[in-house]
Amino acid sequence: MADFNAPFFGSVDAPLVTLAEQRRLPRHQRMDPITLRWIADNRPSGLPNAPVAHPPMTVARYALVPAGWYAQQQVTESIHGLRHGARVAILAAHIARLMDLPVRETLEAVIAGALHDCRRLHDQDDPGHGARAARWFAERHTNVMAHLLPPARDARAVVIAAAMELHDVDYPTFTDWQRQRYEIAPVVCDVVKAADALDRYRLPKLKWWPNPDFLRLIPPPWLHRYAFDLMLATERHHLDGMSSERAVMAVLAKENL
């Protein structure tokens, strides 16, 4: 897993890929052109070339949440911010469709994916941010659901909260309490964990990219290709001056990726 707790000294003017190599990543990390070019240049070999259709556009209404729902304004545009949350939600929709999940469980995974990092305080290791997000959601889930489309009202708040709470905890380290929480919603938890892992291609070290050893659901190669290109496209749009919402919508507006 990413060593975001490395000590930091000095300027943050260097690109993330350089700072990661020097173990100097700052608390708040934004994508930059040099790092994105490095990611593109290190595209994994063997990914399929066939285009992939996006999930229904309605997914975007769940994936794109208000910036005010984040604990820290600095995180909203960072590598754990709005674009990351939206991509995880989109990828969760793909995985749910692959598994032929019912609409309710699909919505639960998408909503949990969109919100899973909303209580992060920074972009380094932030132990317990999943549990903080789950508590935040549990305290105001009625208002959150009301903000979303009407079908979201059928989603189970306890399932969404469980998936948010456990997304940052490795399966072998679950406590007895966490195992009980997992048993509330094992499939949705697995979907969110897999979707979150697929968006690790944005991180500035190869060893931090998706690792199936941490997953119980193993995404197929075509979904890795989609995840990689979804990240590249949304981050490029954002670096070109689009807001996070517009960057995501510009990609989803096309027929496929």
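The values are calculated or read from the model by the stated rules, or taken from the named source; none is laboratory data. Only a predicted model underlies this, so the values are computations on that prediction, with no experimental measurement involved. In this analysis, Cβ positions are derived from the backbone assuming ideal geometry, glycine residues included, and neighbour counts consider all displayed protein chains. The protein model used for the area step is the full one, side chains on, heavy atoms only, and it has no ligands, DNA or RNA in it. Shrake-Rupley method; radii C 1.70, N 1.55, O 1.52, S 1.80 Å.
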From the options A161, A114, A93, residue that is more than 28 Å from G241 (Cα to Cα), free of Cβ contacts under 8 Å to residues at least 60 places away in the same chain, surrounded by 24 or more Cβ atoms within 10 Å (Cβ to Cβ) and not β-branched (V, I, T): A161
Among the residues of the range 117-135, write down those that are in a helix (DSSP H, G or I) and open to solvent by 20 Å² or more (accessible area, probe 1.4 Å). A131, R132, R135
Taking L148, is it touching a residue at least 12 places away in the same chain (Cβ under 8 Å), open to solvent by 60 Å² or more (accessible area, probe 1.4 Å) and in contact with a Lys or Arg (Cβ under 9 Å, 6 or more places away or on another chain)? no
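Name the residue, out of R43, R83, that is basic (K, R), open to solvent by less than 70 Å² (accessible area, probe 1.4 Å), out of contact with any Gly (no Cβ under 6 Å at 6 or more places or on another chain) and touching a residue at least 40 places away in the same chain (Cβ under 8 Å).
Working: R43 fails: open to solvent by less than 70 Å² (accessible area, probe 1.4 Å).
Only one candidate qualifies: R83.
So if I check each of V187, V169, which one is touching a residue at least 12 places away in the same chain (Cβ under 8 Å), surrounded by fewer than 20 Cβ atoms within 10 Å (Cβ to Cβ), touching a helix residue (DSSP H, G or I) at 6+ places or on another chain (Cβ under 8 Å) and not in a helix (DSSP H, G or I)? Reasoning before the result, please.
Values: V187 fails: not in a helix (DSSP H, G or I).
Criteria check complete, one pass: V169.
Got a number for residues in the range 40-49 being out of contact with any Lys or Arg (no Cβ under 8 Å at 6 or more places or on another chain) and either part of a helix (DSSP H, G or I) or not polar (S, T, N, Q) (or both)?
We begin by selecting, within the range 40-49, every residue out of contact with any Lys or Arg (no Cβ under 8 Å at 6 or more places or on another chain); these are 40-46.
Cutting the leftovers down to either part of a helix (DSSP H, G or I) or not polar (S, T, N, Q) (or both) gives us 40-41, 43-44, 46.
Of the residues in the range 40-49, 5 are out of contact with any Lys or Arg (no Cβ under 8 Å at 6 or more places or on another chain) and either part of a helix (DSSP H, G or I) or not polar (S, T, N, Q) (or both).
Does P7 satisfy being in a loop (DSSP other than H, G, I, E, B), at pLDDT 95 or above and either of a type outside the set (G, A, S) or on the phi < 0 side of the Ramachandran plot (or both)?
Numbers: in a loop (DSSP other than H, G, I, E, B): yes; at pLDDT 95 or above: no; either of a type outside the set (G, A, S) or on the phi < 0 side of the Ramachandran plot (or both): yes.
It is false that P7 is in a loop (DSSP other than H, G, I, E, B), at pLDDT 95 or above and either of a type outside the set (G, A, S) or on the phi < 0 side of the Ramachandran plot (or both).
Which residues, counting only those in the range 239-256, are of a type outside the set (K, R) and open to solvent by 40 Å² or more (accessible area, probe 1.4 Å)?
Result: L239, D240, G241, M242, S243, E245, M249, A253, E255, N256.
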So which residues in the range 52-78 are farther than 12 Å from L230 by Cβ, in a loop (DSSP other than H, G, I, E, B) and touching a His at 6+ places or on another chain (Cβ under 9 Å), if there are any at all? V65, P66, A71, Q72, E77, S78
